[in-house]
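Note sheet for the following structure.
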Amino acid sequence: MTPGFIDVHTHVEGGVERNPRADNFLLDGVTTVITISSVITGLDNRVNDFVTSMGSNVFWVFHMPLIGVRPTTEMLTRKKLTLDDVLALSRDPIVLSHSGARAVFNHPRNLDDEHLRRIAAKGGVIQVSAYADYMVERPAIPERAAALAQVRQSRGSTEAELRERTGQQADINRRWPLPQATYEQFVAHLLHVIEIAGADHAGIGIDFDGGGGVAGFEDATDYPRITASLLQAGLTQQQIAGIWGGNVLRVMEQVQKP
């Protein structure tokens, strides 16, 4: 990436649902795709068909998500894929864009130390999310879940619609409050990933647009807190620049080479 330029690439979320056959995405210049299927439980047949149609020169995102997976012949013949399958079969590094450390909080979306090391050994990146469900125990409240599902059925596109949706979500949080994670817990996840996988294999994927944000870290104006915490932990400016995006750009460059 040329210094002084900002990288913008075309991305599709919910790719399988929007277009089970993804040939048109390639024509439109799409470089990243995220599906809704979890690699922890395995990908359904629609995702296998989708991978087949996209070909090998697309920068992959599977929702946990996984980035950077090019299909191999063996991949495309499997009925289900798991994280272990992807690590074993992918020709390229992978990126988990929204995850955490299971040693800090035991949740299926968080990674144990073995997988942190394996992703790093392959040259990949683990981006840490500030999503409270993956950081603290939260009880199931059926009424809250139903209200959120109704709000999420219509994703606004205009600023007014997005503001309305944000207000609706805030009202739901007031009516059915849940235990909140803290900024310190988020930092604990990030530092653990750095300790086990290394600074060159850590990243940040807050997921503000998907419910991310914790007490003390609620919007983009709090981003400087992360840099301050990393400096306090002894990381260099070069390492911090990698965590803020350089590590993922490295993987993107490698994956998109012929």
Legend entry - Residues of segment 194-222 satisfying the condition of being in a helix (DSSP H, G or I) and at pLDDT below 95: Phe208, Asp209, Gly210, Ala220, Thr221, Asp222
Legend entry - Condition check for Leu162: farther than 18 Å from Met135 by Cα, buried (at least 19 other Cβ atoms within 10 Å of the Cβ) and not charged (D, E, K, R): no
Inset, instruction - Please indicate, with yes or no, whether at least one residue in segment 137-144 is farther than 19 Å from Asn110 by Cα and crowded, with 17+ Cβ neighbours inside 10 Å. - result: yes
Inset, instruction - Please verify whether segment 95-103 includes one or more residues that are touching a His at 6+ places or on another chain (Cβ under 6 Å) and either outside the structural domain of Ile240 (by TED's automatic domain parsing) or closer than 18 Å to Gly212 by Cα (or both). - result: yes
Inset, instruction - Would you be able to say whether some residue in segment 223-238 is over 23 Å from the mean Cα position of the chain (by Cα), closer than 27 Å to Glu137 by Cβ and modelled with pLDDT of 85 or more? - result: yes
Inset, instruction - Confirm whether Gly216 is in contact (Cβ under 8 Å) with a residue 40 or more places away in the chain, among the small types (Gly, Ala, Ser) and in the same structural domain as Val248 (by TED's automatic domain parsing). - result: no
Inset, instruction - Give the number of residues within segment 217-243 that are out of contact with any Gly (no Cβ under 7 Å at 6 or more places or on another chain) and surrounded by 16 or more Cβ atoms within 10 Å (Cβ to Cβ). - result: 8
Inset, instruction - Collect the residues in segment 219-258 that are within 25 Å of Ala170 (Cα to Cα), free of Cβ contacts under 8 Å to residues at least 40 places away in the same chain and of a type in the set (D, E, K, R), keeping them in residue-number order. - result: Asp219, Asp222
Inset, instruction - Please go through segment 115-135 and pick out each residue that is farther than 19 Å from Asp92 by Cα and either without any contact (Cβ under 8 Å) to a residue 60 or more places away in the chain or not aromatic (Phe, Trp, Tyr) (or both). - result: Val128, Ser129, Ala130, Ala132, Asp133, Tyr134, Met135
Inset, instruction - For His115, work out the one condition from (1) at pLDDT 85 or above; (2) surrounded by fewer than 19 Cβ atoms within 10 Å (Cβ to Cβ) it doesn't fulfil. - result: (2)
Legend entry - Verdict on Ser99 being surrounded by 15 or more Cβ atoms within 10 Å (Cβ to Cβ), touching a residue at least 40 places away in the same chain (Cβ under 8 Å) and polar (S, T, N, Q): yes
Inset, instruction - Output yes when any residue across segment 155-162 is over 23 Å from the mean Cα position of the chain (by Cα), farther than 15 Å from Phe208 by Cβ and at pLDDT 85 or above, and no when none is. - result: no
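The values are calculated or read from the model by the stated rules, or taken from the named source; none is laboratory data. Remember, it's a predicted structure, so these values are computed and weren't measured experimentally. Positions of Cβ are generated from backbone atoms using ideal geometry, with glycine treated the same way; all protein chains shown enter the neighbour counts.
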